[in-house]
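The values are calculated or read from the model by the stated rules, or taken from the named source; none is laboratory data. None of these values were measured; they are calculated from a predicted model. We place every Cβ from the backbone using ideal geometry, glycine too, and count neighbours over all the protein chains shown. For accessibility, only protein heavy atoms count, side chains too; no ligands or nucleic acids. Shrake-Rupley method; radii C 1.70, N 1.55, O 1.52, S 1.80 Å.
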Amino acid sequence: MSDTVKYLLPDEQIPKTWYNLMADLPTPPPPPLHPATKQPIGPDDLAPLFPEALIMQEVSPEREIEIPAPVREIYQQWRPSPLFRARRLEKALDTPAKIYYKYEGVSPAGSHKPNTAVPQAFYNSEAGIKKISTETGAGQWGSALAFAGALFGIDIQVFMVSVSFHQKPYRRALMETYGASCVASPSMETNVGREILAKTPDSTGSLGIAISEAVEIAATNDDTKYALGSVLNHVLLHQTIVGQEAMQQLEMAGDYPDIIVGCTGGGSNFAGIVFPFLGEQLRGGKKVDILAIEPAACPSLTKGQYAYDFGDTGHLTPLVKMHTLGSTFIPPALHAGGLRYHGMAPLVSHVKDLGLIDARAYKQVEVFEAGVQFARAEGIVPAPEANHAVKGAIDEALKCKQNGQSKTILFNLCGHGHFDMQAYSDYFAGKLTDRSYDESELAMALAGLPSAAAA
Ligand SMILES: *Cc1c(COP(=O)(O)O)cnc(C)c1O
(Lines give C-alpha, C1' and ligand atoms only; values in the text may rest on other atoms or scores of the structure.)
Protein backbone atom coordinates (compact mmCIF):
# COMPACT_ATOMS: atom_id res chain seq x y z
CA MET A 1 0.00 0.00 0.00
CA SER A 2 1.16 3.50 -0.78
CA ASP A 3 2.69 5.53 2.02
CA THR A 4 0.65 8.63 1.38
CA VAL A 5 -3.06 8.31 1.83
CA LYS A 6 -5.01 11.43 1.03
CA TYR A 7 -8.80 11.71 1.21
CA LEU A 8 -10.17 14.39 -1.07
CA LEU A 9 -13.77 15.38 -1.63
CA PRO A 10 -15.07 16.83 -4.89
CA ASP A 11 -15.64 20.63 -4.84
CA GLU A 12 -19.40 20.25 -4.85
CA GLN A 13 -19.24 18.33 -1.57
CA ILE A 14 -18.28 21.42 0.39
CA PRO A 15 -20.91 21.45 3.16
CA LYS A 16 -23.85 23.76 2.40
CA THR A 17 -24.42 24.67 6.05
CA TRP A 18 -22.35 25.38 9.15
CA TYR A 19 -23.14 23.27 12.23
CA ASN A 20 -24.33 25.02 15.41
CA LEU A 21 -23.57 23.02 18.57
CA MET A 22 -26.02 25.21 20.50
CA ALA A 23 -28.89 23.10 19.10
CA ASP A 24 -27.63 19.88 20.71
CA LEU A 25 -26.30 21.02 24.09
CA PRO A 26 -27.98 19.54 27.18
CA THR A 27 -27.93 23.03 28.79
CA PRO A 28 -27.24 26.37 27.13
CA PRO A 29 -24.05 28.28 28.03
CA PRO A 30 -24.46 31.20 30.47
CA PRO A 31 -25.25 34.43 28.55
CA PRO A 32 -22.82 37.34 28.06
CA LEU A 33 -23.52 40.18 30.53
CA HIS A 34 -23.39 43.94 30.27
CA PRO A 35 -20.46 45.02 32.48
CA ALA A 36 -22.41 47.89 34.10
CA THR A 37 -25.88 46.38 34.64
CA LYS A 38 -24.76 42.71 34.89
CA GLN A 39 -27.86 41.87 32.83
CA PRO A 40 -27.66 39.68 29.70
CA ILE A 41 -26.72 41.79 26.69
CA GLY A 42 -29.01 41.97 23.68
CA PRO A 43 -28.28 42.21 19.94
CA ASP A 44 -28.43 46.05 20.18
CA ASP A 45 -25.42 46.12 22.50
CA LEU A 46 -23.32 44.46 19.80
CA ALA A 47 -24.61 46.55 16.88
CA PRO A 48 -21.78 49.15 16.97
CA LEU A 49 -19.23 46.36 16.50
CA PHE A 50 -20.76 43.73 14.20
CA PRO A 51 -23.17 43.59 11.24
CA GLU A 52 -26.61 42.20 12.07
CA ALA A 53 -26.17 38.92 10.20
CA LEU A 54 -23.23 37.97 12.43
CA ILE A 55 -25.05 39.04 15.61
CA MET A 56 -27.96 36.79 14.60
CA GLN A 57 -25.53 33.88 14.14
CA GLU A 58 -23.99 34.68 17.54
CA VAL A 59 -27.31 34.03 19.29
CA SER A 60 -28.87 31.48 16.91
CA PRO A 61 -30.33 28.22 18.29
CA GLU A 62 -30.64 26.71 14.74
CA ARG A 63 -28.70 23.49 14.18
CA GLU A 64 -27.80 24.29 10.57
CA ILE A 65 -27.01 27.73 9.19
CA GLU A 66 -26.73 28.17 5.46
CA ILE A 67 -23.34 29.10 3.98
CA PRO A 68 -24.00 31.92 1.45
CA ALA A 69 -23.23 30.95 -2.16
CA PRO A 70 -20.51 33.64 -2.64
CA VAL A 71 -18.72 32.30 0.45
CA ARG A 72 -18.89 28.71 -0.80
CA GLU A 73 -17.45 29.84 -4.12
CA ILE A 74 -14.45 31.40 -2.39
CA TYR A 75 -14.08 28.38 -0.10
CA GLN A 76 -13.69 26.26 -3.24
CA GLN A 77 -10.24 27.72 -3.83
CA TRP A 78 -8.87 25.54 -0.99
CA ARG A 79 -11.83 23.56 0.32
CA PRO A 80 -12.56 20.78 0.92
CA SER A 81 -9.13 20.67 2.55
CA PRO A 82 -7.34 17.30 2.45
CA LEU A 83 -7.50 14.70 5.19
CA PHE A 84 -4.31 12.66 5.44
CA ARG A 85 -3.58 9.34 7.08
CA ALA A 86 -0.19 9.83 8.75
CA ARG A 87 1.20 6.43 7.83
CA ARG A 88 4.83 7.47 7.94
CA LEU A 89 4.37 9.02 11.38
CA GLU A 90 2.58 5.87 12.56
CA LYS A 91 5.58 3.84 11.36
CA ALA A 92 8.06 6.19 13.01
CA LEU A 93 6.16 5.84 16.29
CA ASP A 94 5.70 2.09 15.78
CA THR A 95 2.13 2.49 17.00
CA PRO A 96 -0.90 0.29 16.30
CA ALA A 97 -3.00 3.50 16.35
CA LYS A 98 -4.28 5.06 13.15
CA ILE A 99 -3.52 8.78 12.93
CA TYR A 100 -5.45 11.11 10.62
CA TYR A 101 -4.94 14.83 10.26
CA LYS A 102 -7.04 17.49 8.60
CA TYR A 103 -4.70 19.99 6.93
CA GLU A 104 -5.86 23.62 7.04
CA GLY A 105 -2.50 25.03 5.90
CA VAL A 106 -3.70 24.81 2.28
CA SER A 107 -5.65 28.09 2.57
CA PRO A 108 -4.11 31.19 0.95
CA ALA A 109 -3.17 32.63 4.37
CA GLY A 110 -1.84 29.28 5.60
CA SER A 111 -4.27 28.41 8.40
CA HIS A 112 -7.92 27.71 9.28
CA LYS A 113 -8.55 31.44 9.86
CA PRO A 114 -9.86 32.25 6.32
CA ASN A 115 -12.80 29.88 7.04
CA THR A 116 -14.26 32.68 9.18
CA ALA A 117 -12.46 35.71 7.71
CA VAL A 118 -14.24 35.22 4.37
CA PRO A 119 -17.82 35.02 5.73
CA GLN A 120 -17.11 37.87 8.18
CA ALA A 121 -15.89 40.10 5.34
CA PHE A 122 -18.84 38.96 3.21
CA TYR A 123 -21.50 39.91 5.81
CA ASN A 124 -19.77 43.26 6.49
CA SER A 125 -19.66 43.96 2.77
CA GLU A 126 -23.40 43.11 2.44
CA ALA A 127 -24.03 45.64 5.24
CA GLY A 128 -22.12 48.33 3.31
CA ILE A 129 -19.12 48.42 5.67
CA LYS A 130 -15.90 49.81 4.18
CA LYS A 131 -13.47 49.38 7.07
CA ILE A 132 -12.77 46.72 9.73
CA SER A 133 -10.38 46.93 12.69
CA THR A 134 -8.97 43.80 14.27
CA GLU A 135 -6.20 42.33 16.40
CA THR A 136 -3.77 39.55 15.61
CA GLY A 137 -1.43 37.46 17.74
CA ALA A 138 1.09 35.61 15.59
CA GLY A 139 -0.33 37.31 12.48
CA GLN A 140 -2.41 34.42 11.17
CA TRP A 141 -5.75 36.11 11.79
CA GLY A 142 -4.52 39.47 10.51
CA SER A 143 -3.35 37.92 7.25
CA ALA A 144 -6.56 35.92 6.86
CA LEU A 145 -8.74 39.01 7.31
CA ALA A 146 -6.42 41.05 5.07
CA PHE A 147 -6.93 38.40 2.35
CA ALA A 148 -10.72 38.45 2.84
CA GLY A 149 -10.76 42.26 2.92
CA ALA A 150 -8.97 42.35 -0.43
CA LEU A 151 -11.67 40.10 -1.95
CA PHE A 152 -14.53 42.36 -0.78
CA GLY A 153 -12.87 45.79 -1.08
CA ILE A 154 -12.80 46.43 2.69
CA ASP A 155 -9.95 48.34 4.40
CA ILE A 156 -8.40 46.28 7.18
CA GLN A 157 -6.53 47.83 10.12
CA VAL A 158 -4.61 45.31 12.22
CA PHE A 159 -3.21 45.69 15.75
CA MET A 160 -0.50 43.03 16.03
CA VAL A 161 0.75 41.90 19.45
CA SER A 162 4.13 43.63 19.81
CA VAL A 163 6.23 40.55 20.60
CA SER A 164 4.98 38.77 17.45
CA PHE A 165 5.24 41.96 15.35
CA HIS A 166 8.99 41.86 16.01
CA GLN A 167 9.36 38.04 15.91
CA LYS A 168 7.42 37.58 12.64
CA PRO A 169 8.09 40.49 10.26
CA TYR A 170 7.00 38.52 7.19
CA ARG A 171 3.46 38.15 8.55
CA ARG A 172 3.17 41.94 8.51
CA ALA A 173 4.56 41.98 4.96
CA LEU A 174 1.89 39.45 3.97
CA MET A 175 -0.88 41.62 5.45
CA GLU A 176 0.49 44.64 3.59
CA THR A 177 0.68 42.62 0.40
CA TYR A 178 -3.06 42.03 0.71
CA GLY A 179 -3.53 45.78 1.25
CA ALA A 180 -4.06 45.92 5.03
CA SER A 181 -2.27 48.22 7.47
CA CYS A 182 -0.58 46.75 10.53
CA VAL A 183 0.88 48.38 13.68
CA ALA A 184 2.51 46.91 16.79
CA SER A 185 0.19 46.78 19.84
CA PRO A 186 0.16 48.51 22.29
CA SER A 187 0.25 51.48 19.90
CA MET A 188 -0.06 55.25 20.16
CA GLU A 189 -3.22 55.12 17.98
CA THR A 190 -5.72 54.45 20.80
CA ASN A 191 -6.41 55.63 24.36
CA VAL A 192 -5.94 52.09 25.66
CA GLY A 193 -2.58 51.74 23.88
CA ARG A 194 -1.29 55.14 25.04
CA GLU A 195 -2.25 54.39 28.66
CA ILE A 196 -0.49 51.04 28.66
CA LEU A 197 2.65 52.47 27.02
CA ALA A 198 2.75 55.27 29.59
CA LYS A 199 2.83 52.66 32.38
CA THR A 200 4.84 49.96 30.61
CA PRO A 201 6.91 51.46 27.76
CA ASP A 202 8.50 48.06 26.94
CA SER A 203 5.17 46.13 26.98
CA THR A 204 5.35 42.94 24.85
CA GLY A 205 1.62 43.32 24.29
CA SER A 206 -1.04 40.63 24.49
CA LEU A 207 -4.14 39.59 22.58
CA GLY A 208 -6.20 41.15 25.38
CA ILE A 209 -4.56 44.54 24.77
CA ALA A 210 -4.74 44.32 20.97
CA ILE A 211 -8.47 43.46 21.19
CA SER A 212 -9.06 46.59 23.30
CA GLU A 213 -7.30 48.74 20.69
CA ALA A 214 -9.26 47.30 17.77
CA VAL A 215 -12.59 47.51 19.65
CA GLU A 216 -11.87 51.13 20.60
CA ILE A 217 -11.32 52.05 16.93
CA ALA A 218 -14.61 50.40 15.87
CA ALA A 219 -16.62 51.77 18.80
CA THR A 220 -15.47 55.34 18.17
CA ASN A 221 -15.73 55.39 14.35
CA ASP A 222 -19.12 55.13 12.68
CA ASP A 223 -17.70 53.79 9.44
CA THR A 224 -15.71 50.99 11.10
CA LYS A 225 -16.75 47.57 12.39
CA TYR A 226 -14.69 45.11 14.39
CA ALA A 227 -13.85 41.47 13.65
CA LEU A 228 -12.56 38.78 15.98
CA GLY A 229 -10.71 35.69 14.73
CA SER A 230 -11.68 33.33 17.55
CA VAL A 231 -13.68 32.94 20.79
CA LEU A 232 -17.13 34.13 19.62
CA ASN A 233 -19.95 31.70 18.77
CA HIS A 234 -20.16 32.82 15.14
CA VAL A 235 -16.43 32.27 14.63
CA LEU A 236 -16.61 28.74 16.02
CA LEU A 237 -19.69 28.17 13.86
CA HIS A 238 -17.81 29.08 10.65
CA GLN A 239 -14.98 26.70 11.56
CA THR A 240 -17.32 23.69 11.78
CA ILE A 241 -16.84 23.24 8.06
CA VAL A 242 -13.56 21.54 9.06
CA GLY A 243 -15.15 18.82 11.19
CA GLN A 244 -18.03 18.26 8.79
CA GLU A 245 -15.62 17.64 5.92
CA ALA A 246 -13.45 15.41 8.12
CA MET A 247 -16.52 13.33 8.95
CA GLN A 248 -17.26 12.74 5.25
CA GLN A 249 -13.60 11.99 4.52
CA LEU A 250 -13.32 9.49 7.37
CA GLU A 251 -16.42 7.82 6.01
CA MET A 252 -14.56 7.40 2.70
CA ALA A 253 -11.74 5.85 4.72
CA GLY A 254 -14.26 3.58 6.47
CA ASP A 255 -13.28 5.00 9.85
CA TYR A 256 -14.57 7.05 12.81
CA PRO A 257 -12.37 8.70 15.45
CA ASP A 258 -11.97 7.36 18.98
CA ILE A 259 -9.92 10.41 19.93
CA ILE A 260 -9.94 13.96 18.53
CA VAL A 261 -7.15 16.41 19.36
CA GLY A 262 -6.89 20.14 18.73
CA CYS A 263 -4.82 23.05 20.05
CA THR A 264 -6.63 25.84 21.86
CA GLY A 265 -5.87 29.56 21.86
CA GLY A 266 -9.36 31.04 21.77
CA GLY A 267 -10.82 27.67 20.80
CA SER A 268 -11.91 28.10 17.17
CA ASN A 269 -9.89 25.51 15.26
CA PHE A 270 -10.52 23.03 18.08
CA ALA A 271 -14.26 23.68 17.98
CA GLY A 272 -14.17 23.51 14.19
CA ILE A 273 -12.94 19.94 14.08
CA VAL A 274 -14.61 18.76 17.30
CA PHE A 275 -18.15 20.20 17.41
CA PRO A 276 -19.68 18.23 14.49
CA PHE A 277 -18.50 14.97 16.13
CA LEU A 278 -19.56 16.15 19.59
CA GLY A 279 -22.98 16.97 18.15
CA GLU A 280 -23.28 13.40 16.79
CA GLN A 281 -22.38 12.10 20.24
CA LEU A 282 -24.96 14.33 21.95
CA ARG A 283 -27.63 13.12 19.51
CA GLY A 284 -26.91 9.52 20.57
CA GLY A 285 -23.93 8.72 18.36
CA LYS A 286 -20.59 7.27 19.32
CA LYS A 287 -18.77 8.69 22.36
CA VAL A 288 -15.47 10.30 21.38
CA ASP A 289 -12.56 11.22 23.66
CA ILE A 290 -11.83 14.88 22.99
CA LEU A 291 -8.59 16.54 23.99
CA ALA A 292 -7.77 20.26 23.96
CA ILE A 293 -4.06 21.10 24.12
CA GLU A 294 -2.82 24.45 25.39
CA PRO A 295 0.58 25.95 26.25
CA ALA A 296 1.77 25.51 29.84
CA ALA A 297 2.76 29.21 29.74
CA CYS A 298 -0.86 30.29 29.10
CA PRO A 299 -3.06 27.52 30.52
CA SER A 300 -6.60 28.92 30.65
CA LEU A 301 -8.45 25.56 30.50
CA THR A 302 -6.20 23.70 32.94
CA LYS A 303 -5.25 26.46 35.40
CA GLY A 304 -7.83 29.20 34.85
CA GLN A 305 -11.10 29.80 36.65
CA TYR A 306 -14.50 29.27 35.01
CA ALA A 307 -15.87 32.73 35.71
CA TYR A 308 -17.30 35.85 34.13
CA ASP A 309 -14.49 38.04 32.79
CA PHE A 310 -13.74 40.66 30.18
CA GLY A 311 -12.52 39.48 26.78
CA ASP A 312 -9.95 42.28 26.66
CA THR A 313 -7.44 44.05 28.88
CA GLY A 314 -9.00 47.51 28.52
CA HIS A 315 -12.43 46.24 29.65
CA LEU A 316 -14.38 47.42 26.61
CA THR A 317 -16.08 44.05 25.89
CA PRO A 318 -19.09 42.40 27.55
CA LEU A 319 -18.49 39.97 30.42
CA VAL A 320 -18.45 36.38 29.23
CA LYS A 321 -18.30 33.21 31.30
CA MET A 322 -15.17 31.35 30.32
CA HIS A 323 -12.03 29.65 31.58
CA THR A 324 -9.83 32.65 32.22
CA LEU A 325 -6.46 33.58 33.69
CA GLY A 326 -7.80 37.10 34.33
CA SER A 327 -8.04 39.86 31.75
CA THR A 328 -5.04 41.72 33.21
CA PHE A 329 -2.79 38.64 32.98
CA ILE A 330 0.01 39.11 30.42
CA PRO A 331 1.31 35.66 29.41
CA PRO A 332 5.08 35.27 28.90
CA ALA A 333 6.31 35.63 25.31
CA LEU A 334 6.11 32.33 23.46
CA HIS A 335 6.40 31.36 19.82
CA ALA A 336 2.87 30.00 19.61
CA GLY A 337 1.56 33.58 19.66
CA GLY A 338 -1.90 32.44 18.57
CA LEU A 339 -2.31 30.54 21.85
CA ARG A 340 -1.36 33.50 24.07
CA TYR A 341 -4.86 34.56 25.13
CA HIS A 342 -6.06 34.89 28.73
CA GLY A 343 -9.51 33.43 28.08
CA MET A 344 -11.27 30.66 26.14
CA ALA A 345 -14.34 30.55 23.91
CA PRO A 346 -17.48 30.45 26.09
CA LEU A 347 -18.77 27.43 24.15
CA VAL A 348 -15.52 25.49 24.59
CA SER A 349 -15.47 26.49 28.28
CA HIS A 350 -19.06 25.31 28.66
CA VAL A 351 -18.42 21.85 27.19
CA LYS A 352 -15.30 21.58 29.36
CA ASP A 353 -17.43 22.44 32.39
CA LEU A 354 -19.99 19.80 31.34
CA GLY A 355 -17.19 17.21 31.27
CA LEU A 356 -17.57 16.60 27.52
CA ILE A 357 -13.91 17.39 26.73
CA ASP A 358 -10.53 17.08 28.48
CA ALA A 359 -7.63 19.52 28.44
CA ARG A 360 -3.88 19.17 28.81
CA ALA A 361 -1.00 21.70 28.84
CA TYR A 362 2.43 21.19 27.23
CA LYS A 363 5.67 23.13 27.41
CA GLN A 364 7.18 24.96 24.45
CA VAL A 365 10.28 22.81 23.90
CA GLU A 366 8.42 19.48 23.93
CA VAL A 367 5.88 20.70 21.38
CA PHE A 368 8.65 21.77 18.99
CA GLU A 369 10.27 18.37 19.42
CA ALA A 370 6.96 16.81 18.35
CA GLY A 371 6.61 19.26 15.44
CA VAL A 372 10.06 18.38 14.13
CA GLN A 373 9.33 14.67 14.41
CA PHE A 374 6.11 15.23 12.48
CA ALA A 375 7.84 17.29 9.77
CA ARG A 376 10.51 14.62 9.28
CA ALA A 377 7.86 11.93 8.84
CA GLU A 378 5.09 13.78 6.98
CA GLY A 379 6.94 16.63 5.24
CA ILE A 380 4.66 19.40 6.44
CA VAL A 381 6.15 21.94 8.87
CA PRO A 382 3.39 22.79 11.36
CA ALA A 383 2.73 26.22 12.84
CA PRO A 384 4.01 26.46 16.45
CA GLU A 385 0.37 26.48 17.61
CA ALA A 386 -0.39 23.31 15.64
CA ASN A 387 2.63 21.61 17.24
CA HIS A 388 0.57 21.41 20.42
CA ALA A 389 -2.02 19.26 18.63
CA VAL A 390 0.75 17.21 17.01
CA LYS A 391 2.27 16.49 20.43
CA GLY A 392 -1.15 15.56 21.81
CA ALA A 393 -1.77 13.13 18.94
CA ILE A 394 1.70 11.60 19.25
CA ASP A 395 1.28 11.06 23.00
CA GLU A 396 -2.09 9.38 22.46
CA ALA A 397 -0.56 7.16 19.75
CA LEU A 398 2.28 6.19 22.11
CA LYS A 399 -0.26 5.34 24.81
CA CYS A 400 -1.94 3.03 22.27
CA LYS A 401 1.41 1.37 21.68
CA GLN A 402 1.90 0.79 25.41
CA ASN A 403 -1.58 -0.64 25.80
CA GLY A 404 -1.61 -2.51 22.49
CA GLN A 405 -4.74 -0.63 21.34
CA SER A 406 -5.35 0.31 17.70
CA LYS A 407 -7.42 3.43 18.27
CA THR A 408 -8.24 5.97 15.58
CA ILE A 409 -6.86 9.44 16.31
CA LEU A 410 -7.91 12.55 14.40
CA PHE A 411 -6.23 15.91 14.85
CA ASN A 412 -6.44 19.34 13.30
CA LEU A 413 -3.22 20.49 11.65
CA CYS A 414 -4.53 24.03 11.70
CA GLY A 415 -1.72 25.81 9.88
CA HIS A 416 1.76 25.60 8.38
CA GLY A 417 4.82 27.16 9.98
CA HIS A 418 6.47 28.79 6.96
CA PHE A 419 6.36 32.21 8.60
CA ASP A 420 7.61 30.79 11.89
CA MET A 421 10.99 29.42 10.85
CA GLN A 422 12.79 31.75 13.28
CA ALA A 423 11.13 29.76 16.05
CA TYR A 424 12.45 26.53 14.53
CA SER A 425 15.94 28.08 14.18
CA ASP A 426 15.81 29.07 17.84
CA TYR A 427 14.75 25.54 18.74
CA PHE A 428 17.67 24.00 16.82
CA ALA A 429 20.08 26.51 18.38
CA GLY A 430 18.86 25.48 21.84
CA LYS A 431 17.54 28.98 22.43
CA LEU A 432 13.91 28.05 23.06
CA THR A 433 13.13 28.02 26.75
CA ASP A 434 10.20 26.79 28.79
CA ARG A 435 9.20 30.11 30.28
CA SER A 436 6.49 29.79 32.85
CA TYR A 437 4.14 32.47 34.01
CA ASP A 438 4.60 34.38 37.24
CA GLU A 439 2.40 32.68 39.88
CA SER A 440 1.88 35.90 41.83
CA GLU A 441 0.83 37.80 38.69
CA LEU A 442 -1.69 35.07 37.89
CA ALA A 443 -3.03 35.15 41.45
CA MET A 444 -3.39 38.91 41.20
CA ALA A 445 -5.15 38.75 37.83
CA LEU A 446 -7.57 36.10 39.17
CA ALA A 447 -8.22 38.09 42.34
CA GLY A 448 -9.19 40.99 40.11
CA LEU A 449 -11.96 39.07 38.29
CA PRO A 450 -15.11 41.19 38.08
CA SER A 451 -18.02 40.20 40.25
CA ALA A 452 -20.87 38.99 38.07
CA ALA A 453 -23.81 39.11 40.44
CA ALA A 454 -26.68 41.17 39.02
CA ALA A 455 -26.61 44.70 40.38
C1 LIG B 1 -5.05 31.63 15.48
C2 LIG B 1 -4.46 30.30 15.46
C3 LIG B 1 -4.63 29.43 16.55
C4 LIG B 1 -5.36 29.80 17.81
O5 LIG B 1 -6.69 30.15 17.65
P6 LIG B 1 -7.89 29.15 17.88
O7 LIG B 1 -9.07 30.03 17.82
O8 LIG B 1 -7.70 28.52 19.23
O9 LIG B 1 -7.85 28.17 16.79
C10 LIG B 1 -4.09 28.16 16.46
N11 LIG B 1 -3.40 27.78 15.37
C12 LIG B 1 -3.20 28.58 14.32
C13 LIG B 1 -2.44 28.08 13.15
C14 LIG B 1 -3.74 29.87 14.32
O15 LIG B 1 -3.57 30.65 13.27
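To keep it simple, each residue is scored yes or no on (1) assigned to a helix (DSSP H, G or I); (2) in contact (Cβ under 8 Å) with a residue 60 or more places away in the chain.
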{"position": "VAL235", "(1), (2)": "yes, yes"}
{"position": "THR240", "(1), (2)": "yes, yes"}
{"position": "GLN249", "(1), (2)": "yes, yes"}
{"position": "GLY254", "(1), (2)": "no, no"}
{"position": "GLY262", "(1), (2)": "no, yes"}
{"position": "PRO276", "(1), (2)": "yes, yes"}
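With respect to LEU334, determine if the residue is within 15 Å of the ligand (Cβ to nearest atom) and open to solvent by 10 Å² or more (accessible area, probe 1.4 Å).
Answer is yes for this residue.
Considering every residue within segment 225-232, establish whether at least one is open to solvent by less than 10 Å² (accessible area, probe 1.4 Å), within 16 Å of the ligand (Cβ to nearest atom), within 20 Å of LYS352 (Cβ to Cβ) and more than 11 Å from the chain's Cα centre (by Cα).
Checked against the condition, which is being open to solvent by less than 10 Å² (accessible area, probe 1.4 Å), within 16 Å of the ligand (Cβ to nearest atom), within 20 Å of LYS352 (Cβ to Cβ) and more than 11 Å from the chain's Cα centre (by Cα), segment 225-232 yields no hits at all.
Considering only residues of segment 278-290 that are hydrophobic (A, V, I, L, M, F, W, C) and either open to solvent by 10 Å² or more (accessible area, probe 1.4 Å) or in a helix (DSSP H, G or I) (or both), which is farthest from the ligand (Cβ to nearest atom)?
So the residue we want is LEU282.
Please name all residue pairs, on different chains or six or more residues apart, with Cβ atoms under 7 Å, provided the first residue is in segment 394-410 and is farther than 12 Å from ILE99 by Cβ and the second residue is surrounded by 14 or more Cβ atoms within 10 Å (Cβ to Cβ) and at pLDDT below 95.
Cβ pairs passing all conditions: none.
Determine whether ASP309 is of a type outside the set (A, V, I, L, M), within 28 Å of LYS399 (Cβ to Cβ) and not assigned by TED's automatic domain parsing to the domain that holds ALA214.
no
Go through segment 321-331 and report how many residues are within 13 Å of the ligand (Cβ to nearest atom) and among the hydrophobic types (A, V, I, L, M, F, W, C).
1
With GLY314, GLY343 as the choices, which residue is more than 26 Å from ASP426 (Cα to Cα) and over 16 Å from the mean Cα position of the chain (by Cα)?
GLY314
Scan segment 322-338 and tell me whether some residue there is over 19 Å from the mean Cα position of the chain (by Cα) and more than 23 Å from TRP141 (Cα to Cα).
no
From the list LEU21, LEU93, which residue is out of contact with any Ser or Thr (no Cβ under 6 Å at 6 or more places or on another chain) and over 20 Å from THR116 (Cβ atoms)?
Unique residue meeting the criteria: LEU93.
Quick check: is even one residue across segment 247-261 over 30 Å from SER451 (Cα atoms), surrounded by 22 or more Cβ atoms within 10 Å (Cβ to Cβ) and within 16 Å of the ligand (Cβ to nearest atom)?
Yes, segment 247-261 contains a residue that is over 30 Å from SER451 (Cα atoms), surrounded by 22 or more Cβ atoms within 10 Å (Cβ to Cβ) and within 16 Å of the ligand (Cβ to nearest atom).
Residues of segment 423-435 being in contact (Cβ under 8 Å) with a residue 24 or more places away in the chain, assigned to a helix (DSSP H, G or I) and away from the ligand (no atom under 16 Å from the Cβ), which ones?
Matches in segment 423-435: ASP426, TYR427.
Residues that are touching a strand residue (DSSP E or B) at 6+ places or on another chain (Cβ under 8 Å) and among the aromatic types (Phe, Trp, Tyr): does segment 111-128 have at least one?
no
When you scan segment 24-37, do you find a residue that is at pLDDT below 95 and out of contact with any Leu (no Cβ under 9 Å at 6 or more places or on another chain), even just one?
yes
Being modelled with pLDDT of 95 or more and among the aliphatic types (A, V, I, L, M) narrows it down to one residue among ALA86, ALA138; which is it?
ALA86
List pairs: first in segment 342-371 and touching a residue at least 40 places away in the same chain (Cβ under 8 Å) and among the small types (Gly, Ala, Ser), second away from the ligand (no atom under 15 Å from the Cβ) and in a strand (DSSP E or B), Cβ under 7 Å, 6+ apart or cross-chain?
GLY343/ASP309; SER349/TYR306; SER349/LYS321
For the condition in contact with a Cys (Cβ under 9 Å, 6 or more places away or on another chain) and under 21 Å from LEU49 (Cβ atoms), what is the one hit in ALA127, ALA117, ALA97, ALA146?
Within the list ALA127, ALA117, ALA97, ALA146, the selection yields ALA146.
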